[in-house]
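Here the structure comes first, spelled out in C-alpha cells, and everything after it is commentary.
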Amino acid sequence: MKILVINGPNLNMLGIREPGIYGSETYATLLDKISAHAKKRGVSVDFFQSNHEGALVDRIQEAFGSTDGIVINPGAYTHTSIALLDALKAVAIPAVEVHISDVSKREAFRSVSYIRDACIGSVIGHGTDGYLEAVDMLIERGGEK
Ligand code: CA2
C-alpha cells in the first residue's frame with residue numbers, strides 16, 4: 001500500500017514558531033516519525049509540502065493511479081479551497097484530513113473545512129500523532145499492504 005502525505009502552507013515552519021499551538025517538533029522530525037510508523041505498519045509513504053494551492057492540486061492529480069491513500073493537512077487552505085476539494089473528489093483516492101491543533105476550539109473560520117466532504121475521516125487536535133492515526137485509518141480501510 002502506498003500512502004501520500006501532503007502538507008499545505010507554513011507547515012514547513014513547524015517547531016520554528018508558535019510551539020504553543022503546533023508543538024516543538026520540526027517538519028523534518030515529523031516526516032521521520034511518519035516514515036518510522038509507515039515502516040512498522042508495512043506501507044510505503046511519500047511526502048509533499050507546498051505553500052502554493054496550485055502545486056497542491058497538481059500533486060493530488062499526479063497521485064491518480066499510483067497512490068492508495070492520501071493523508072492531507074492543507075493548512076489554511078482547509079478553510080478556503082474549493083480547488084483542493086475538487087481535486088480530491090476528482091482522483092477519488094481515500095483521503096484523511098489531519099489538523100495538529102483543535103480547529104474547533106480556535107477562531108470560527110477554522111471550524112469550516114472545504115475538503116472534509118472528500119475525506120473518509122478527519123483527525124483533529126491530536127498533535128502530530130494525528131498523522132499516524134490517519135495512516136492507520138487508511139490501512140484499516142484499505143486492508144492490503
Ligand atoms: O492545526 C492545523 O494543523 C492547521 O491545519 C494548521 C494551519 C492552520 O491554518 C489551520 O487552521 C490548522 C497553519 C499551519 C501553520 O503552521 C505553522 C507552524 C509553525 C509556525 C507557524 C505556523
Give me a comma-separated list of calculated 3J(HN,Hα) values for segment 2-19, in order, Karplus coefficients 6.51, -1.76, 1.60 applied at θ = phi - 60°, integers in Hz, x for any Gly or Pro. 10, 10, 10, 9, 10, 10, x, x, 6, 5, 5, 8, 3, x, 8, 9, 6, x
Under 17 Å Cα-Cα from K2, which lysines qualify once same-chain neighbours fewer than 8 residues away are excluded? K33, K39, K40, K145
Quick one: I16, I93, fewest Cβ neighbours within 10 Å first, how do they rank? I16, I93
Mind putting a number on the dipole of segment 1-143 about its Cα centre? Charges go on the C-beta only, +1 for Lys and Arg and -1 for Asp and Glu, and I need it in Debye to the nearest 20. 160 debye
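Every number here is computed from the coordinates shown, using simple stated rules; none is lab data. Predicted model only: the values in this text are computed from it and were never measured. Cβ sites come from the backbone with ideal geometry, for glycine too, and all protein chains shown count toward neighbours.
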